[in-house]
Amino acid sequence: MDIKEKALKTIKKYSLLQHGDSILIALSGGPDSVSLSVILDELKDNFNLSLHALYVNHGLRPEESREEEAFCRRFCDELGIKFHFETVKAKEYSETNRLNLQEAARELRYDAFEKTALKTGADRIALGHNADDQAETVVMRLIRGAGRKGLSGIPPVRGIIIRPLIDIERSEIEAFLSEKHISYMTDSSNLRKDYSRNRLRQEVIPLLQEYNPSLIATINRTADIMREEDEYLEIIVTKTLMRLISRKTDDDIELFLFPLENMEKPILRRVIRRAVNETRGLRGIDLIHIEDIIKLIKTGRAGDSVALPGKIRAVRKYSTLILTALAPLKLKPRVFDPPGELVLYEDGIVLKAEIAETWSNDYNGKDTSVFDLDRLVLPLEVRMRQKGDYFYPAGFGKKKKLQDFFVDEKVPRDERDSVPIVVSGGNIIWIAGYRMDERYRAKEGTKRFLIIKSFKR
């Protein structure tokens, strides 16, 4: 079976193409993307395809990139493929976002694919990943540590991205191009051994092939099995996660803790991975990070947290687990001179104060507190907690450390710096949202009342 027939088999197996599709080919000038372009050009009448190609210059190899772009332009002209090109600044992007060059180049490249696909109206973005790329990916993930999802390798289709050559080995591609006398470019960076991927390709894979000459095909079959099983398990995970979500926003997801504590590890790993993906994605997230979160669930205490790549945090609360991309809030000190409003932008809380000569006893001391104004020193200060803070909680009868109060009230550790502490003359009069101080609350005989309400706007 020649590679055109193999590619067609893959296309049909995974429904990669539909009749009348417009395809954007990621064209680097290398053997994979060149052969992909030739095959799609030969199949375009079968599917009534409209073909575009995009070359991305990463700004890393100026001389080679100019030659590659010129080659790709001529190549597309010969085949009648509409040619596009984009220039990106991978080095600058890597420094700004603290990524290695390969990660930065990949992100910018895929971003260029998506923008050009949108501009050209492409239905699919065709990439030239082959069976060798698949095997290298699986081995690399195995070395770093991965579960079934990671070992399923590169998907043949993900959204509008398709990989028609994923079942074809590199040697077959090179033989195909040689037989047809089709030239291609060689990226010099692929020959460098200071990239781990290149060392794997040049040293590790050939060594493993001494034990199994059919290594590439074997690993690809294994990846296929892993992917099929993974897809089945993901259905279970979706149903499980839906039952676990307590709250969800664009930046965080909160899960009920008790079911997680009693969940079997194979499903728990997947649930956690999916939940992390719901925050900022899985870039930089490896098996070790998932295991750290599981340890937090199984043995952590309320307030414990785990820092993950991408500025994601996993925080264990008393009854929930939060995965968030938001930094812990810290309240900046503010002057509050009643009457009036004070907006605490850090967490969206508003304090509203009014002065009155009468007031009923119908208040809870949490969201609304009523103070004896004549016992207060104005203006008030609103700040975060400080070391050594104490107050006399209403109804408690004696002095209590603020730290102990937070523990008893089950306030998560990473939220304690965001709780507004209202202070008069250096003394705490109110823990907004929780409890007021007994010494300053309005009582029988109070002549002037200060009413402060706390609410979220």
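See the values below:
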| item | result |
| --- | --- |
| DSSP-defined beta bridges in the chain - what % are antiparallel, rounded to 5 | 75 percent |
| Percent RCO, i.e. relative contact order, over the stretch 326-406, from Cα pairs under 8 Å lying at least 6 residues apart | 29 percent |
| Unit charges on C-beta of K, R, D, E only; dipole of the stretch 334-456, Debye | 380 debye |
| Dipole moment magnitude, nearest 20 debye, the chain about Cα centre, only Lys, Arg, Asp, Glu C-beta charged | 2040 debye |
| DSSP-defined antiparallel bridges as percent of all bridges, the stretch 3-217, nearest 5 | 10 percent |
| Relative contact order for the chain, counting Cα pairs under 8 Å that sit 6 or more residues apart, in percent | 11 percent |
| Centroid-to-centroid separation of the stretch 138-154 and the stretch 334-387 [C-alpha atoms, Å] | 55 Å |
| Cα centroid separation, the stretch 93-130 to the stretch 233-263 (Å) | 31 Å |
| Computed magnitude of the charge dipole of the stretch 21-76 (debye, nearest 20; Cβ of K, R +1, Cβ of D, E -1) | 140 debye |
| Relative contact order (percent, whole number), the stretch 248-387, Cα cutoff 8 Å, 6+ residue spacing | 21 percent |
| Of 401/443; 6/44; 332/387, those spanning more than 18 Å from alpha-carbon to alpha-carbon | 401/443 |
| 10 Å-binned pair-distance histogram of the stretch 3-217 (Cα, whole percent) | 8, 32, 40, 19, 2 |
| C-alpha long axis of helix 101-120 to longest principal axis of the chain, angle in ° | 80 degrees |
| 0 to 90° range, to nearest 10: angle between helix 31-47 axis and the chain longest Cα axis | 80 degrees |
| Cα-based convex hull volume of the chain per residue, rounded to whole Å³ | 194 Å³ |
| Helix 215-244 axis, angle to the chain major axis (alpha carbon atoms, nearest 10°) | 30 degrees |
| Sorted by Cβ density within 10 Å, fewest first, the residues 416, 448, 247, 199 | 247, 199, 448, 416 |
| Set 265/410; 9/239; 265/295; 366/456 screened for pairs whose C-alpha atoms are more than 21 Å apart | 265/410; 9/239 |
| Dipole of the chain, positive end: most advanced residue of 55, 321, 424 [Cβ charges, Cα centre] | 424 |
| Neighbour-count order for 174, 438, fewest beta carbons within 10 angstrom listed first | 174, 438 |
| Structure-based [θ]222 nm, the chain - -39500 (n - 2.57) summed over DSSP H runs of at least 4, per residue, nearest 500 | -12500 deg cm²/dmol |
| Dipole of the chain [Lys/Arg +1, Asp/Glu -1 at C-beta], most positive-end residue of 29, 271, 129 | 271 |
| Rg/Rh (Cα only; Kirkwood hydrodynamic radius) as it applies to the stretch 325-457 | 0.94 |
| Loop-located chymotrypsin sites (Phe, Trp or Tyr not before Pro) in the stretch 184-260 whose Cβ has at most 16 other Cβ within 10 Å (DSSP) | 195 |
| Amide H within-cut-off set for residue 169, under 5 Å, with H built and near neighbours excluded | 131 |
| Space enclosed by the convex hull of the alpha-carbon atoms of the stretch 249-324, per residue, Å³ | 75 Å³ |
| Using θ = phi - 60° and Karplus 6.51 cos²θ - 1.76 cosθ + 1.60, couplings along the stretch 247-258 (whole Hz; Gly, Pro as x) | 7, 8, 10, 5, 9, 8, 9, 10, 10, 5, 7, 4 |
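Bear in mind that the values in this text are calculations on the coordinates, not laboratory data. Only a predicted model underlies this, so the values are computations on that prediction, with no experimental measurement involved. So basically every Cβ, Gly included, is an ideal-geometry build from the backbone, and we count neighbours across all protein chains shown.
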